[in-house]
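One structure is given here, and the rest of the page talks about it.
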Amino acid sequence: MATQISSDLLWQITRNYNTYLVRRPQSGGVNMSRDPLNLSNLHRRTQEGFVNDEAIGLIPTSNGLTLITKDPKAASSPAKSRQTKSLGNGSGVSKAIQKETFSKGYRTDLNDLAIKRSKAIQRSLGPVKKDRVKSVRGVKAKKAAAEA
């Protein structure tokens, strides 16, 4: 975002029409967002990364998660404002997110959302559990035992 325009004005201009906006009338009229710096994927002023000076994003990669942060000091130069850091895929990801975001002084609501999002992504990337074989109980079990 350029320093000549405020984030509130930018939101007022782009809130109804932007490349990240996804409208699904069949889902009850909820507006979603595809912004990579939006942790909740909801189309709201506080969540949109392209509008805010401080933004955090998480992207799954082949070797784990990648944390994308937006540097508020480099707001006038978009190429330098995004910083990426590979976090890997393990138990120390949430601590790494906390360390990275608290050291830069990001909003606490973004820290909590980033940790929740990282856990959800790790769960989705994990192995799929097989369906458990249901054991027969009650009257059916007694009948099966009597027949065997």
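What follows is calculated from the coordinates using simple rules that are stated; it is not laboratory data. Quantities reported herein were computed from a predicted structural model and do not represent experimental measurements. Counting neighbours? That spans all protein chains shown, and the Cβs are built from the backbone with ideal geometry, glycine included.
Of note:
- Positive-end residue, the chain charge dipole about Cα centroid, Cβ charges, pick of GLY92, LEU21, VAL51: GLY92
- Counting every other Cβ atom within 10 Å of each residue's Cβ, THR66, THR19, THR101, THR61 order from fewest to most as THR19, THR61, THR66, THR101.
- Size of electric dipole in the chain: Cβ of Lys, Arg +1 and of Asp, Glu -1, about Cα centre, debye, nearest 20: 980
- Note on ARG23/THR108: beta-carbon distance plugged into 1/(1 + (r/R0)^6) with R0 of 35 Å gives a FRET efficiency of 0.70.
- Relative contact order for the range 7-126: 17 percent, from Cα pairs under 8 Å spaced at least 6 residues apart, divided by residue count.
- Residues whose amide H lies under 5 Å from that of LEU42, counting only those 5 or more places away or on a different chain, are SER33; hydrogens are built 1.01 Å from N in the peptide plane.
- The C-alpha atoms of the chain define a longest principal axis, and helix 108-125 lies at about 40 degrees to it.
- Residues SER135 and THR66, FRET efficiency given R0 of 41 Å [Cβ-Cβ distance, rounded to 0.05]: 0.40
- Annotation: extensible slack from GLN12 through THR84 equals 23.1 nm (criterion: 0.36 nm per residue apart, minus Cα-Cα distance).
- Degrees between helix 93-104 axis and first principal axis of the chain (Cα, 0 to 90, nearest 10): 20
- Given the choices [x] 34, 18, 12; [y] 25, 17, 15; [z] 43, 21, 11, semi-axes √(5λ) of the Cα gyration tensor in Å derived from the coordinates of this structure is entry [z].
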